[in-house]
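Asks: Structure below; questions to follow.
The values are calculated or read from the model by the stated rules, or taken from the named source; none is laboratory data. No experiment lies behind these values; they were computed from the predicted model shown. In this analysis, Cβ positions are derived from the backbone assuming ideal geometry, glycine residues included, and neighbour counts consider all displayed protein chains. SASA here: full protein model, heavy atoms, side chains in, ligands and nucleic acids out. Shrake-Rupley method; radii C 1.70, N 1.55, O 1.52, S 1.80 Å.
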Amino acid sequence: MATSLDGKINGAYASVADSGNLFYHLAFESDGYYHPQGWLSGRTTTDDNFTHYAKPDLDEDAPEVPAGDFIVKSPWDMYYVSIDIHGRLAWDSSEFIYNDTHALVLEVLTTKTSNAYKAFLRKLNIPYIIAGDDELDAPLALKKLKDLFGMETVMLGGGGVLNWSFIQQGLCDELSLVLKNSADGSTDTPTLFSATKGLSENKPVSFTFKNVEPHGSTVWLRYLVDNAKS
Ligand SMILES: NC(=O)c1ccc[n+]([C@@H]2O[C@H](COP(=O)([O-])OP(=O)(O)OC[C@H]3O[C@@H](n4cnc5c(N)ncnc54)[C@H](OP(=O)(O)O)[C@@H]3O)[C@@H](O)[C@H]2O)c1
């Protein structure tokens, strides 16, 4: 995650921070650091940045799709994974392009996600996994990403609601922060971690320092997450 000094993940601070994209370099470039096979995002992050709150064109009369997961392998060995249990994201293609990164879109649904939305994804050849019934079973989702799609490293890439719901469940082993050299003091922009009723609690979590690297006025800071389950 890239944040302001006051822990914001979006907002005016970005316009006065040093330019350069250390976050992108570490996460995605071949000479970067993490080389994840999956980039996991919350539904709001995907709508804000990529699908822009369009409504998916659903066929409510679509024939019943086969039960279970829909597996399509990525030709790029990289997946952009969205948690979208209500089936809201209006993709228009299965190919995801971010700077020079290409990935296959992959959706995480539950058994309650509508048949019409699953048919919409199948029409676009977008793979999906079913994890949970009424609510997301996050450990099962991660297990399926590993077992069915071969993902060894998944980057939990925000926003704050998704990040905190996974950290509360002990599902994150490392926190990697690119701290930008600016702040804006806003109280109405999203933060790095955000407890949300129905998705997460606000049990405190501690972190153990791992490494720090200054890059000009930007700092790359890493911690182990102390509640991580092995
Ligand atoms: N600076 C950075 O590095 C960075 C990185 C990523 C994002 N961002 C910014 O962060 C902002 C969005 O963050 P956010 O915290 O508001 O939202 P978010 O975490 O992106 O998305 C929250 C939504 O995702 C779904 N979701 C998340 N966790 C879930 C769970 N455990 N179970 C079921 N559904 C779950 C829910 O979707 P439904 O509402 O559909 O149920 C929830 O409302 C955007 O402005 C984005 O640009 C910044």
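Asks: Name the single residue, out of those in segment 149-165 being open to solvent by less than 20 Å² (accessible area, probe 1.4 Å) and touching a helix residue (DSSP H, G or I) at 6+ places or on another chain (Cβ under 6 Å), that is farthest from the ligand (Cβ to nearest atom).
Replies: Met151
Asks: Hey, can you tell me all the residues within segment 13-48 that are within 16 Å of Asp100 (Cα to Cα), part of a helix (DSSP H, G or I) and within 13 Å of the chain's Cα centre (by Cα)?
Replies: Ala27
Asks: While we're here: Quick check on this structure: which one of Leu140, Leu162, Leu145, Leu156 is in contact with a Cys (Cβ under 7 Å, 6 or more places away or on another chain) and closer than 27 Å to Arg222 by Cα?
Replies: Exactly one residue qualifies, and that residue is Leu156.
Asks: Now for a separate question. Suppose we keep only residues that are out of contact with any strand residue (DSSP E or B) (no Cβ under 6 Å at 6 or more places or on another chain) and under 20 Å from His35 (Cα atoms) within segment 106-148. Which one would you say is surrounded by the most Cβ atoms within 10 Å (Cβ to Cβ)?
Replies: Going through the qualifying residues, I end up with Leu142.
Asks: In segment 107-131, how many residues are closer than 13 Å to Asp57 by Cα and of a type in the set (A, V, I, L, M)?
Replies: Here the count works out to 4.
Asks: Moving on. For segment 40-59, give me each residue that is open to solvent by less than 20 Å² (accessible area, probe 1.4 Å) and either in contact (Cβ under 8 Å) with a residue 60 or more places away in the chain or within 6 Å of the ligand (Cβ to nearest atom) (or both).
Replies: Hits for segment 40-59 are Leu40, Ser41, Gly42.
Asks: Let me ask another. Take Val81 and tell me if it is open to solvent by less than 30 Å² (accessible area, probe 1.4 Å) and more than 13 Å from the ligand (Cβ to nearest atom).
Replies: no
Asks: What do you reckon, is Glu95 open to solvent by 30 Å² or more (accessible area, probe 1.4 Å) and touching a residue at least 40 places away in the same chain (Cβ under 8 Å)?
Replies: no
Asks: What residue, among those in segment 1-26 that are among the charged types (D, E, K, R) and surrounded by fewer than 20 Cβ atoms within 10 Å (Cβ to Cβ), is nearest to the ligand (Cβ to nearest atom)?
Replies: Asp6
Asks: Another question about this same structure. Being out of contact with any Lys or Arg (no Cβ under 7 Å at 6 or more places or on another chain) and closer than 21 Å to Ser194 by Cβ is the filter here; which residues of segment 28-49 pass it?
Replies: Trp39, Leu40, Ser41, Gly42, Thr44, Thr45, Thr46, Asp47, Asp48, Asn49
Asks: Applying the selection to segment 179-219, what residues are surrounded by 11 or more Cβ atoms within 10 Å (Cβ to Cβ) and among the hydrophobic types (A, V, I, L, M, F, W, C)?
Replies: Once the filter is applied, which keeps residues that are surrounded by 11 or more Cβ atoms within 10 Å (Cβ to Cβ) and among the hydrophobic types (A, V, I, L, M, F, W, C), segment 179-219 yields Leu179, Ala183, Leu192, Phe193, Ala195, Leu199, Val205, Phe207, Val212, Val219.
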